[in-house]
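Engineer: What follows is a single structure, and I will ask about it in a moment.
Derivation of every value follows stated rules applied to the coordinates shown; laboratory data play no part. None of these values were measured; they are calculated from a predicted model. Neighbour counts are summed over all protein chains in view; Cβ atoms, including those assigned to glycine, are modelled from backbone coordinates with ideal geometry.
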Amino acid sequence: MSGHGIPIPMTSAKCGPLSGTAEVPGDKSISHRSLILGAMAVGETRITGLLEGEDVLDTARAMRAFGAEVTDHGGGTWSVHGVGTGGFAEPDRVIDCGNSGTGVRLIMGAMATSPITVTFTGDASLNGRPMARVTDPLALFGARTVGRSGGRLPMTIVGADNPVPVRYAVPVPSAQVKSAVLLAGLNAPGQTVVIEREATRDHSERMLAGFGAQITTEDTDEGRIITLTGQPELQPQTIAVPRDPSSAAFPVCAALITDGSDVLVPGIGLNPTRAGLFTTLREMGADLTYENERLEGGEPVADLRARFSPNLKGIEVDPARAASMIDEYPVLSVVAAFADGPTVMRGVKELRVKESDRIDAMATGLRANGIEVEDGDDWWIVHGRGHGNVPGGAICASHLDHRIAMAFMVLGMGTNAPVRVDDGSPIATSFPIFEPLMAGLGAKISRDA
Ligand code: S3P
């Protein structure tokens, strides 16, 4: 639901050392996929550790509207009684995906090869984001779309009556587009092939294999080639969702810039297609270690230990790593402000079409807090001032973007004067326990009166 009616202004101020254990919620990408694939399987899928943020709850509501029985058993345990591949009923209402690009794009893919008509909408942020990147390949399967100008929501998709399989080279590095095509391919006969030049998060591939689909991945000179055989009978699964590395990024980065801190963030998914931030932070000189590395539910997992790191250095971030840390650039730019020298981030054009234009949102807020930032179409440079030298004191706009709001709250933990955001309500989309979790570590983040 578009639940951002009442803005929640928030302030973050310098605090004593952060310490303790930060149990961040379940992975958002895996949570969406658990519900959608569960709804497309025959029988009952059990999920533990589901992220109960607004984005995922919108996907749960959507799966119910398509005929799946989705039950919340409490404490992050859910079950989904699926209707089988091609078994979606036509919803009798508009599907509101709230703030979630992942939710809407994956669900569009999942329904596009069924003979049903579905209208999608979202909040002001989602209704401004490009959908042609998904509806273009879905048209190749035989789906038809009517939407607003610029390929934006609200939008109606008429699913294909007689879907044909597709071979599609994804033109932008996007796991959402790749996943939409694969989910559409589930209900098309024959082999659907997706080619991606840069590898993006591979949760869909891993989970489709887990649900019993025939899917192969091959790394070639052309890129990564993923081949899915359509019309499998998906087998229900028991899924333990690992904790989200994109949420872990906030307490980790906060600990790095806060004097004397020592924070443990246990059970974090470290799938290599997601873990680029942590590699980058270590290159900057962060005291960040992986403990107790293990495999859980087919995903690599470790406990992260982050300690105050007073001598961070600005670096040139490897652009080849961009896809594996695409959601983490906002909080990386905050850490970069406390490093010595410039941090250069290139090959990041996709940041301009997230929940907000994240380069613009961060550059504007960082500048208002006394940090020099340069930016261009697909790059930006943050000129670090070094620990203890970042002024702060400004109000920043969160632009209905959870990660922008949280990044500025981390900024305020290290600046000389507190930092405010105009609206922290979007945080609930991905990290509903952000405020109590950070308070438990010792942070001073408060809602303004
Ligand atoms: C996601 C893919 C990424 C990421 C988003 C989650 C996913 O988006 O930014 O938060 O779960 O597939 P793009 O596919 O637009 O890169």
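Engineer: Cα extents of segment 357-405 along the three principal axes, largest first, in whole Å?
Structural biologist: So the extents along the principal axes, rounded to whole Å, are 29, 23, 14.
Engineer: While we're on this one: How far, in nm, would the chain grow between residue 149 and residue 417 when pulled straight, counting 0.36 nm per residue and subtracting the alpha carbon separation? Intermediate results must be reported in sequence, preceding the final value.
Structural biologist: On the way: separation 268, 0.36 × 268 = 96.48 nm, distance 4.31 nm.
Once the chain is fully extended between residue 149 and residue 417, it gains 92.2 nm.
Engineer: Using Cβ contacts closer than 10 Å as the measure, can you line up 290, 329, 168 from fewest to most? Let's see the in-between values first.
Structural biologist: Working: 290 16, 329 27, 168 23.
Starting with the residue having the fewest Cβ neighbours, the order is 290, 168, 329.
Engineer: Cα convex hull of segment 287-426: how many Å³ per residue?
Structural biologist: Numbers: hull volume 16.4 nm³, N = 140.
Dividing the Cα hull volume of segment 287-426 by its residue count gives 117 Å³.
Engineer: Kindly express, to the nearest 10 degrees and within the range 0 to 90, the angle between helix 175-185's C-alpha long axis and the longest C-alpha principal axis of the chain.
Structural biologist: 10
Engineer: Please compute the contact order of the chain in relative form: average sequence separation of alpha-carbon pairs under 8 Å and at least six residues apart, divided by the residue count, as a percent. Before the final figure, lay out each step's value.
Structural biologist: Working: 1196 pairs, mean separation 89.4, N = 449.
RCO, the chain: 20 percent.
Engineer: Just the Kirkwood number for segment 23-90, please: inverse of mean 1/r across all distinct Cα pairs, in Å, one decimal. Intermediate values should be presented prior to the final figure.
Structural biologist: Working: mean 1/r = 0.0862 Å⁻¹.
Radius from the Kirkwood sum: 11.6 Å.
Engineer: A further question on this structure: Based on Cβ point charges of +1 for Lys and Arg and -1 for Asp and Glu, what charge dipole magnitude is obtained for segment 342-408 about its Cα centre, in debye rounded to the nearest 20? Walk me through the intermediate numbers first.
Structural biologist: Details: 8 positive and 10 negative charges, 40 e Å.
Once rounded to the nearest 20, the dipole reads 200 debye.
Engineer: What share of Cα pairs, in percent, lie more than 14 angstrom apart in segment 97-156? Working shown, then result.
Structural biologist: Working: 836 of 1770 pairs.
Result for the distance tail: 47 percent.
Engineer: Please work out, to two decimal places, the log10 of the ratio I(q)/I(0) at q = 0.19, 0.21 Å⁻¹ from a Debye calculation in which every Cα of segment 241-353 carries one identical scatterer.
Structural biologist: -0.96, -1.14
Engineer: I would also like to ask the following. Under the Kirkwood approximation applied to all pairs of distinct alpha-carbon atoms, what is the hydrodynamic radius of segment 177-318 in Å?
Structural biologist: Working: mean 1/r = 0.0583 Å⁻¹.
Here the Kirkwood hydrodynamic radius works out to 17.1 Å.
Engineer: State the dimensionless ratio Rg/Rh of the chain (Rg: radius of gyration of Cα atoms; Rh: Kirkwood radius).
Structural biologist: Numbers: Rg = 21.1 Å, Rh = 21.9 Å.
Looking at the chain, the ratio lands at 0.96.
Engineer: When N counts the residues of segment 130-200, how does its alpha-carbon radius of gyration compare numerically with 2.2 N^0.38 Å, as a ratio?
Structural biologist: Details: Rg = 11.9 Å, N = 71, 2.2 N^0.38 = 11.1 Å.
With N residues counted in segment 130-200, Rg over 2.2 N^0.38 Å equals 1.07.
Engineer: To the nearest 20 Debye, how big is the dipole of the chain about its Cα centre, given +1 on the beta carbon of each Lys and Arg and -1 on that of each Asp and Glu? Provide the component values of the computation, followed by the final result.
Structural biologist: Numbers: 38 positive and 53 negative charges, 81 e Å.
So the magnitude is around 380 debye.
Engineer: At 7 Å along Cα-to-Cβ for each site, give me the label-to-label distance between residue 448 and residue 21 in nm.
Structural biologist: Roughly 3.6 nm, to one decimal.
Engineer: Of the options 391, 49, 38, report the single residue whose Cα projects farthest towards the positive end of the charge dipole of the chain (beta-carbon charges: Lys, Arg +1; Asp, Glu -1).
Structural biologist: It is 391, whose Cα lies furthest towards the positive end.
Engineer: Between residue 117 and residue 73, take the C-beta separation as r, use R0 = 51 Å, and let me know the FRET efficiency to the nearest 0.05. Could you put the intermediate results ahead of the total?
Structural biologist: On the way: r = 33 Å, r/R0 = 0.64.
Efficiency, from the Cβ-Cβ distance: 0.95.
Engineer: Treating the Cα atoms of segment 62-124 as identical point scatterers in vacuum, please give the log10 of the normalised Debye intensity I(q)/I(0) at q = 0.23, 0.28 Å⁻¹, two decimals.
Structural biologist: Taken in order of the listed q values, log10 I(q)/I(0) reads -1.04, -1.26.
Engineer: Where Rh denotes the Kirkwood radius from the mean inverse Cα pair distance, what is Rg over Rh for segment 190-234?
Structural biologist: 0.97
Engineer: Still on this structure, I have one more. What percent of all Cα-Cα pairs in segment 116-241 falls in each 10 Å bin, counting up from 0?
Structural biologist: So the P(r) values, bin by bin, are 13, 40, 36, 12, 0.
Engineer: For q values of 0.19 Å⁻¹, compute log₁₀ I(q)/I(0) with the Debye formula on a Cα-only model of segment 52-176, without solvent.
Structural biologist: Normalising to I(0) and taking log10 leaves -1.08.
Engineer: Helix 54-65 against the longest principal axis of the chain: what's the angle in degrees, Cα atoms only, rounded to the nearest 10?
Structural biologist: Tilt relative to the chain: about 10 degrees.
Engineer: So if each residue of separation counts as 0.36 nm, and I subtract the Cα-Cα distance between residue 238 and residue 372, what length gain in nm does that give?
Structural biologist: Working: separation 134, 0.36 × 134 = 48.24 nm, distance 4.83 nm.
Extending this stretch completely gives an extra 43.4 nm.
Engineer: Test of understanding: extend the Cα→C-beta vector of residue 48 to 7 Å, then name every residue of segment 54-78 with backbone N under 17 Å from that spot.
Structural biologist: Within reach of a label on residue 48, which here means backbone N under 17 Å from a point 7 Å along Cα→Cβ, segment 54-78 contributes 72-78.
Engineer: Using DSSP to define loop residues, name the GluC sites (Glu not before Pro) in segment 185-251 whose beta-carbon has at most 14 other beta-carbon atoms within 10 Å. Intermediate values should be presented prior to the final figure.
Structural biologist: Values: sites: 196, 198, 205, 218, 222, 233; in loops: 198, 222, 233.
Answer in residue order: 222, 233.
Engineer: So what's Rg/Rh here for segment 1-58, counting alpha carbon atoms and using the Kirkwood radius for Rh? The partial results should precede the final answer.
Structural biologist: Numbers: Rg = 16.8 Å, Rh = 14.7 Å.
Result for segment 1-58 is an Rg/Rh of 1.14.
Engineer: When the C-alpha atoms of segment 231-289 are aligned to their principal axes, what extent does each axis show, in angstrom, from largest down?
Structural biologist: Each principal axis gives a Cα extent; for segment 231-289 these are 54, 19, 15 Å.
Engineer: Helix 245-257 sits at what angle to the longest principal axis of the chain, using alpha carbons and giving 0 to 90 degrees rounded to 10?
Structural biologist: 0
Engineer: I would also like to ask the following. Measuring from centroid to centroid over Cα atoms, what is the spacing of segment 91-142 and segment 252-320 in Å?
Structural biologist: 34
Engineer: Compute the normalised compactness of segment 382-449: alpha-carbon radius of gyration over 2.2 N^0.38 Å, N being the residue count. Show your work: numbers first, answer last.
Structural biologist: Details: Rg = 12.1 Å, N = 68, 2.2 N^0.38 = 10.9 Å.
Here the Cα radius of gyration is 1.10 times the empirical estimate.
Engineer: If each residue of separation counts as 0.36 nm, what is the full-extension length gain between residue 164 and residue 221 once their alpha-carbon separation is subtracted?
Structural biologist: On the way: separation 57, 0.36 × 57 = 20.52 nm, distance 2.67 nm.
Net length gain for the segment: 17.8 nm.
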